[in-house]
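**Q** Below is one structure. I have some questions about it.
Readers should treat all values here as calculations from the given coordinates under stated rules, not as data from a laboratory. Quick caveat, the model's predicted, so the values are computed rather than measured. All Cβ positions, even for glycine, are placed from backbone atoms using ideal geometry, and neighbour counts span all protein chains on display.
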Amino acid sequence: MSNNGAAGQRDNYEKHLSAPLPDQGENGGRKKMEIEIREMGVDDIPLVFHLGEQVFTADKTPTLYRTWDEFEVISMFNEDTEYCLVAALEGQIVGFALGNVVTKKKSAWKYGYLVWLVVSPEYQRMGVASRLFNKFEDKMIEAGVRIFMIDTEADNLPALHFFRAKGFVNPQQHIYMTYNPAATEQQREKKRSLRGKRNGTEHRRSG
Ligand SMILES: CC(C)(COP(=O)(O)OP(=O)(O)OC[C@H]1O[C@@H](n2cnc3c(N)ncnc32)[C@H](O)[C@@H]1OP(=O)(O)O)[C@@H](O)C(=O)NCCC(=O)NCCS
């Protein structure tokens, strides 16, 4: 998937990024953002993990929260290093994109799956994710990918807006469910005991 007018769009985002940030200096000075988009290195692993931990919270993105852990970062880094990108600013990681190429037997098509895309809340709406995505897209296209895939929660509006803005279309509904065997057994037990009590009462009434 390559968007029409992508070059123009990229120029816009580059402009965003070179624009000064709101005041962050001591004396009213303005700090210029120099974010570098590069491949993730082994030293970035803990920083990426902690940024994800900060962003994927149980209340806002419960499914992403459940599936995010240090092994996820390590395994994606091990298996698909070239598709693990970070946005770095002065030794800090302010964003990352982790993905892989999905191939299917008996199909010449390759799919580019962007599994995780995160920008630190302080740096959102400055074009950081766009820059990460642009680099990811270039690498995937170089690898022969023709279709890109993402998934996220249906009410994750910033992400949905972002992906639509990048040209993603055709959202398909997908339901996640959870099952807790211990809690389910407790509920079943409660129902059985209520039913037992009710039956006991009925026996007594009719007896
Ligand atoms: C989704 C996310 C990565 C976007 O990062 P970002 O750096 O803020 O995105 P950009 O600045 O590159 O935005 C590009 C365009 O996407 C759209 N967009 C991004 N965030 C948006 C928001 N909160 N509301 C509406 N549109 C939004 C806009 O069209 C924006 O262009 P504009 O700022 O010129 O209007 C970021 O919100 C995030 O990290 N969210 C939490 C993690 C997450 O849910 N990731 C996705 C699932 S893994």
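**Q** Would you grab the residues whose amide H sits under 5 Å from the one on M149? Only those 5+ places off in sequence or on another chain, please, with H modelled 1.01 Å from N.
**A** Distant-sequence amide H within range of M149: G112, Y113, L114.
**Q** Listing L194, L132 from the residue with the fewest other Cβ atoms within 10 Å to the one with the most, what is the order?
**A** Lowest to highest Cβ neighbour count: L194, L132.
**Q** Are there trypsin sites (Lys or Arg not before Pro) in the stretch 32-85 that DSSP puts in a loop and that have at most 14 other Cβ atoms within 10 Å, and which ones?
**A** Qualifying residues, ordered by number: K60.
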